1. Could you say which residue among ARG173, ARG163 is part of a strand (DSSP E or B) and modelled with pLDDT under 95?
2. Sort out which residues of region 136-176 are of a type in the set (D, E, K, R), free of Cβ contacts under 8 Å to residues at least 40 places away in the same chain and touching a Leu at 6+ places or on another chain (Cβ under 9 Å), and write them in order of number.
3. Tally the residues that are exposed (fewer than 15 other Cβ atoms within 10 Å of the Cβ) and of a type outside the set (D, E, K, R), restricting the search to region 98-108.
4. Are any residues in region 64-123 of a type in the set (Ser, Thr, Tyr), without any contact (Cβ under 8 Å) to a residue 40 or more places away in the chain and closer than 30 Å to LYS166 by Cβ, and if so, which ones?
5. Is it fair to say ARG98 is over 30 Å from TYR31 (Cβ atoms), in a strand (DSSP E or B) and touching an Asp or Glu at 6+ places or on another chain (Cβ under 6 Å)?
6. Just checking, does region 62-81 include any residue being open to solvent by 60 Å² or more (accessible area, probe 1.4 Å), at pLDDT 90 or above, aromatic (Phe, Trp, Tyr) and under 30 Å from LYS153 (Cα atoms)?
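The values are calculated or read from the model by the stated rules, or taken from the named source; none is laboratory data. These figures come from a predicted structure and were not determined experimentally. FYI the Cβ positions are ideal-geometry reconstructions off the backbone, even for glycines, and counts take in every protein chain you see. Side chains included, ligands, DNA and RNA excluded: accessible areas come from the protein's heavy atoms. Shrake-Rupley method; radii C 1.70, N 1.55, O 1.52, S 1.80 Å.
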Amino acid sequence: DFDRGGWSNSIRLGADYFFNEKNILTSSFLYRFSKENNTNLLEYFEGPQIKGTPFSPRQFVRRTDEEIEDETNLEYALNYKKTFDRKGQSLVVDLTYRDKGETESSDFTDVFLNPDGSSTDLPSALEQSNNDEGENQLRLQIDYVHPFSKNSKFEVGGLSSIRTIKNDFAVERWVN
């Protein structure tokens, strides 16, 4: 049984500056924040399985997961476009920086029961996990188009990207 819920908000702002009718600079900014609260209930039987014999459960486990997830995204972008007198000829330069971060934390609780669902003497187990991840990316793209005729053109471009990814993950298990 799984229940996901949360909310997300974002705002985007942008502006165009026209140097003239053939040279345009566009800038934009995006901010996004989301928060999720998720719950999960997993019930399963554990026990030895000997080949050729029917399954005989040793215990019944009820595992719950309470997860909180926070995520933020920032994006800054600059775009320059130059058009030429020749129809279809253009130069476009895009520069984008993205900063994305996400933190997920979960509390897992295992309750051990007899196969019929009655209590056992086994203590519940608690696991906690935390995942702090993020990504930064700087991206530059340049594209040039030069038409020769109605049916032919020359296109050339380049893309460069520098990306840093982090992922710090920790798990703790508590008994008694």
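1. ARG173
2. Just the residues of region 136-176 that are of a type in the set (D, E, K, R), to begin with: 139, 143, 150, 153, 155, 163, 166, 168, 172-173.
Next, from what is left, pick out any that are free of Cβ contacts under 8 Å to residues at least 40 places away in the same chain: 150, 155, 163, 166, 168.
Passing the criteria: only ARG163.
3. 0
4. THR103, SER105
5. Here the answer is no, as ARG98 does not meet what is asked.
6. Yes.
Yes/no per residue for (1) within 30 Å of GLU46 (Cβ to Cβ); (2) of a type in the set (Ser, Thr, Tyr); (3) loosely packed, with under 15 Cβ neighbours inside 10 Å:
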site	(1), (2), (3)
THR83	no, yes, no
ARG86	no, no, yes
SER90	no, yes, no
VAL111	yes, no, no
PRO115	yes, no, yes
SER119	yes, yes, yes
GLU127	yes, no, no
GLU155	no, no, yes
SER160	no, yes, yes
